[in-house]
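Below is one structure, written out as structure tokens, with a few remarks after it.
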Amino acid sequence: MNKRNLLTGLVAGSLLAVAAPAVLAQPGATGPEEHADVAPINNLPNPYETMRDWGTLPDGRSWGSVSAVHVDVDGVHIWAGDRCGTNSCALSDVDPIVKLDQNGNVVQSFGAGLIVWPHGIEVDQEGNVWIADARLPNAQELAENPNISGGNQVIKFSPEGEVLMVLGTPGETGNPPTHFTEPNDVLVAPDGHIFVAETHSAQFMDEEGPRALSRISKFAPDGTFVKSWGTWGYGEGEMRSPHALAMDSQGRIFVADRGNRRIQIFDQDGNHLDTWYQFSRISGMFIDENDVLYAIDSESDANYNPGWRKGLRIGSARTGEVWYYIPEHMSERPTGMGGIGAMGEGVTVDRNGNIYAGEVGPVQGMTKFVPRLLPDNFPQH
């Protein structure tokens with residue numbers, strides 16, 4: 001274990017006293033030593049009302065895990081990638097991509113048979129819907145159906161569900177420009193350039209090796225490969241599972257470096273600009289037109305983010321200040337790998353300031369957080 005990992009392990013162990021050996025034994029429980037210098041933010045005001053079980057699927061269908069949520073270009077409708085009632089679409093014939101109106105009713109759906117594991121979602125300025133399909137079908141799924149298509153790809157759909165572009169080679173693993181390895185999320189800049197974040201399993205690796213990679217790849221609007229940047233690691237510019245992407249009004253790219261319990265900020269050429277630890281170990285991000293940053297944490301516990309609670313933290317993408325904290329849902333089992341309670345992975349916000357979270361694990365479906373007590377000087381939507 002190198003010095004950076006060891007220091008973090010010792011800090012985590014000191015917080016857990018007699019549980020220290022268990023902390024060090026957990027795969028991926030290490031992190032950057034700088035994390036220990038940031039006081040956990042768990043007790044800010046919560047001016048939102050929580051509305052669980054928002055949204056109804058057609059034909060009485062039950063929600064599965066939902067990590068992909070994004071507001072439509074109209075600012076009202078919400079797009080979600082449902083994992084087909086369970087945690088995979090590999091053996092399902094239902095449409096995983098749904099569009100919901102402000103009352104939670106589905107008004108559009110598509111994608112059946114094309115996607116294995118919808119993980120990240122983007123709606124571009126023309127209303128097209130981009131999906132990051134983050135894993136291949138597993139051995140059990142292939143045994144039941146050897147003809148499964150999809151996985152390790154990014155698909156661009158029209159608002160009506162027509163496939164307009166596919167990046168990566170569905171069903172195969174590899175490197176850009178022709179392949180992806182576990183693409184977590186996709187971001188489309190105002191000028192049409194496309195950014196894809198890989199990989200998902202890197203957060204559980206503590207040492208470098210052939211499978212330890214994390215990167216961001218940039219493509220031109222027509223899908224032509226431009227460049228990749230980023231490697232696996234703990235240093236600035238290095239990542240351990242870039243799990244989500246967002247862009248602020250300056251055009252800076254915010255990366256949820258989940259395995260390293262932080263946000264990293266880059267310009268669009270991959271130059272590292274800043275690192276923030278104060279928004280916790282986040283699974284999903286959304287930045288609105290006023291540069292309000294919504295960061296959702298579904299995994300924090302004593303092993304993977306000592307001292308921090310799951311929840312949703314809201315603050316400024318301009319200054320890095322954290323203003324509000326929505327605590328986790330109480331649940332019989334936790335999300336992530338342990339700890340207390342459950343919180344979603346995906347997050348988005350409509351034009352009226354309502355927050356929508358896509359839930360995973362023991363709490364599934366969608367949650368809506370309605371602003372009830374926001375101050376008059378909160379940035380308006």
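Skip the ligands, DNA and RNA, and give the accessible area per residue of the chain with a 1.4 Å probe, whole Å². Don't skip to the answer; put the middle values down first.
Working: 14680 Å² over 381 residues.
Result: 39 Å² of accessible area for each residue.
Asp74 label point, 7 Å along Cα→Cβ, cut-off 20 Å on backbone N: hits in the range 96-139?
Output list for this probe position: 97-111, 122-130.
If the chain between Thr50 and Asp191 were fully stretched, how many nm would it gain, using 0.36 nm times the residue separation less the Cα-Cα distance?
Once the chain is fully extended between Thr50 and Asp191, it gains 47.2 nm.
Over the C-alpha atoms of the range 47-140, what are the Rg and the largest Cα-to-Cα span, Dmax, in Å?
13.3, 46
At a Förster radius of 41 Å, what calculated FRET efficiency corresponds to the Cβ-Cβ distance of Met330 and Thr86, to the nearest 0.05?
So, using R0 = 41 Å, E works out to roughly 0.95.
Looking at the range 17-175, I'd like the Rg to Rh ratio, where Rg is from alpha-carbon atoms and Rh is Kirkwood's inverse mean 1/r. Could you put the intermediate results ahead of the total?
Values: Rg = 19.1 Å, Rh = 18.0 Å.
Computed over Cα atoms, the ratio is 1.06.
Once the mean 1/r over all distinct Cα pairs of the range 232-284 is inverted, what Kirkwood radius in angstroms do you read off?
Evaluated on the range 232-284, it is 10.7 Å.
Label Phe204 and Asn352 with points 7 Å out from Cα along Cα→Cβ: what is the distance between them in nm?
4.1 nm
Just the accessible area for Met343, please: 1.4 Å probe, Å², rounded to the nearest 10?
Ignoring ligands and nucleic acids, Met343 comes out at about 0 Å².
Using heavy-atom solvent-accessible surface (probe 1.4 Å) with all chains present, what is the largest-first order of Leu312, Leu114, Leu213?
Leu114, Leu213, Leu312
Averaged over all directions, how much area does the convex hull of the C-alpha atoms of the range 183-296 cover when projected, in nm²?
With the hull built on Cα positions only, its mean projection is 6.6 nm².
Could you tally the net charge around Thr275, taking each other residue with its Cβ under 9 Å from the Cβ of Thr275, Lys/Arg +1 and Asp/Glu -1?
Once all neighbours under 9 Å are counted, the net charge is -3.
Mind scanning Lys227/Lys310; Lys99/Lys368; Lys99/Lys310; Lys156/Lys218; Lys156/Lys310 and naming the pairs with a C-alpha gap bigger than 25 Å?
Pairs exceeding 25 Å: Lys227/Lys310; Lys99/Lys310; Lys156/Lys310.
When the dipole is taken about the Cα centre of the chain, and only Lys, Arg (+1) and Asp, Glu (-1) are charged at their Cβ, what size is it in debye, to the nearest 20?
860 debye
How long are the three semi-axes of the equivalent ellipsoid for the range 240-361, computed from the Cα gyration tensor as the root of 5 times each eigenvalue, in whole Å, largest first? Walk me through the numbers on the way to the answer.
Working: eigenvalues 105, 54, 26 Å².
Over the Cα atoms of the range 240-361, the ellipsoid semi-axes are 23, 16, 11 Å.
Give the value in nm², to one decimal: projected area of the alpha carbon convex hull of the chain, averaged over all directions.
Its Cα hull, projected and averaged over all orientations, spans 17.6 nm².
Leaving ligands and nucleic acids out of the surface, order Val116, Val163 by accessible area at 1.4 Å, largest first.
Sorted by accessible area, descending: Val163, Val116.
Under a Cβ-Cβ cut-off of 15 Å, what is the net charge of the residues other than Val76 that fall near it, where Lys and Arg count +1 and Asp and Glu count -1?
Around Val76, the charge tally is -3.
Using Cα pairs under 8 angstrom and six or more residues apart, how large is the relative contact order of the chain, in percent?
RCO, the chain: 16 percent.
Would you mind calculating the relative contact order of the range 253-381 from Cα pairs under 8 angstrom and at least 6 residues apart, reporting the percent as a whole number?
That works out to 17 percent.
Cα atoms only, the range 166-241: Rg and Dmax in Å?
12.4, 38
Can you tell which of Ala357, Ala246, Ala139 shows the greatest fluctuation in a Gaussian network model of the chain with Cα springs below 10 Å?
Fluctuation is largest for Ala139.
Roughly how many nanometres apart are two label points built 7 Å out from the Cα toward the Cβ at Gln380 and Glu321?
2.0 nm
Computing the accessible area with a 1.4 Å probe over protein heavy atoms, can you report the carbon and sulfur percentage for the chain?
49 percent
Quick one: what does P(r) look like for the range 97-211 with 5 Å bins over all Cα pairs, in whole %?
With a bin width of 5 Å, the distribution comes to 2, 11, 20, 21, 19, 14, 7, 4, 1, 0.
Between Asn42 and Asp267, take the C-beta separation as r, use R0 = 35 Å, and let me know the FRET efficiency to the nearest 0.05.
0.65
The values are calculated or read from the model by the stated rules, or taken from the named source; none is laboratory data. All of these numbers come straight from a predicted model, not from anything done at the bench. Note that each Cβ is placed from the backbone with ideal geometry, even for glycine, and that neighbours are counted across all protein chains shown. Protein only, heavy atoms only, side chains kept; ligands, DNA and RNA dropped before computing areas. Shrake-Rupley method; radii C 1.70, N 1.55, O 1.52, S 1.80 Å.
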